[in-house]
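Everything below concerns the one structure shown next.
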Amino acid sequence: MTRIRGVSWLRVPDRRGVRDTALAALVPVAACSVALAGLTAWTGAGRAGSPARIRVTQGKVLLPSAGVPETAAFFDIANEGGSSDTLLRVTARGVPDGVALSRHRMTGGNGAYRSPIASVAVAAGENLAMSPTGVDLTVPVPEGGWSAGDLVTFTLEFRRGGTVESVAVVVRPGSASLP
């Protein structure tokens, strides 16, 4: 074979060069194949890309004492999907001002107070049971108040799951079991 001097790109590769190139390409191809197989198995098991599926139940609003401007509300929230979600905001029909997410806190002297929180996470496949000793809703009492047995419609807004409307029944404190 005649070589043309000064033109390196016309060189015919030898067997060793071909083998080295093939081995160099084999490593990323094998890594991609393993990753693809893992993602395929994950998706096939129903775990990939499954959105949050929020279910809100067991709504209760505590009947406020006379002259008290606010009360508490509680829901059971279940995330039956494959992705976590976050409760961002809650509103209630006919309620003045805004409903606030809050967390129950204790002082060193056994005093209790509520601490406002901006949001609360609900992990995939988990439940959030609002309670007087954990996360709850602080609800301003509307003019005219409520009576035991009244129904209050709440709209819970989630980051991924959108809005979920749920009804809570007004109960006397101590008459209903709360977690």
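The values are calculated or read from the model by the stated rules, or taken from the named source; none is laboratory data. Quantities reported herein were computed from a predicted structural model and do not represent experimental measurements. So basically every Cβ, Gly included, is an ideal-geometry build from the backbone, and we count neighbours across all protein chains shown. Only protein heavy atoms, including side chains, enter the accessible area calculation; ligands, DNA and RNA are left aside. Shrake-Rupley method; radii C 1.70, N 1.55, O 1.52, S 1.80 Å.
Take the residues of segment 56-100 that are basic (Lys, Arg) and closer than 14 Å to Asp136 by Cα: which is least open to solvent (accessible area, probe 1.4 Å)?
Here the answer is Lys60.
When Pro69, Pro51, Pro13 are checked against the criterion of being modelled with pLDDT of 75 or more and over 27 Å from Ala121 (Cβ atoms), a single residue qualifies: Pro69. Among the residues of segment 117-127, just one is among the polar types (S, T, N, Q) and either open to solvent by 70 Å² or more (accessible area, probe 1.4 Å) or on the phi > 0 side of the Ramachandran plot (or both), namely Asn127.
Only a single item in (1) modelled with pLDDT under 90; (2) surrounded by 10 or more Cβ atoms within 10 Å (Cβ to Cβ) is not met by Pro28, and it is number (2).
Could you list, ordered by first residue, the pairs with Cβ atoms under 8 Å in which the first is in segment 65-78 and touching a residue at least 60 places away in the same chain (Cβ under 8 Å) and the second is acidic (Asp, Glu) and open to solvent by 70 Å² or more (accessible area, probe 1.4 Å), at least 6 apart or interchain? Hits for this filter: zero, empty list. Can you go through Arg103, Arg114 and tell me which one is open to solvent by 60 Å² or more (accessible area, probe 1.4 Å) and within 19 Å of Asp76 (Cβ to Cβ)? Being open to solvent by 60 Å² or more (accessible area, probe 1.4 Å) and within 19 Å of Asp76 (Cβ to Cβ) holds for just one of Arg103, Arg114, which is Arg103. The residues of segment 84-113 that are within 20 Å of the chain's Cα centre (by Cα) and not in a loop (DSSP other than H, G, I, E, B), listed by number, are Asp85, Thr86, Leu87, Leu88, Arg89, Val90, Thr91, Val99, Ala100, Leu101, Ser102, Arg103. On the stretch given as segment 128-159, residues that are part of a strand (DSSP E or B) and exposed (fewer than 14 other Cβ atoms within 10 Å of the Cβ) total 1.
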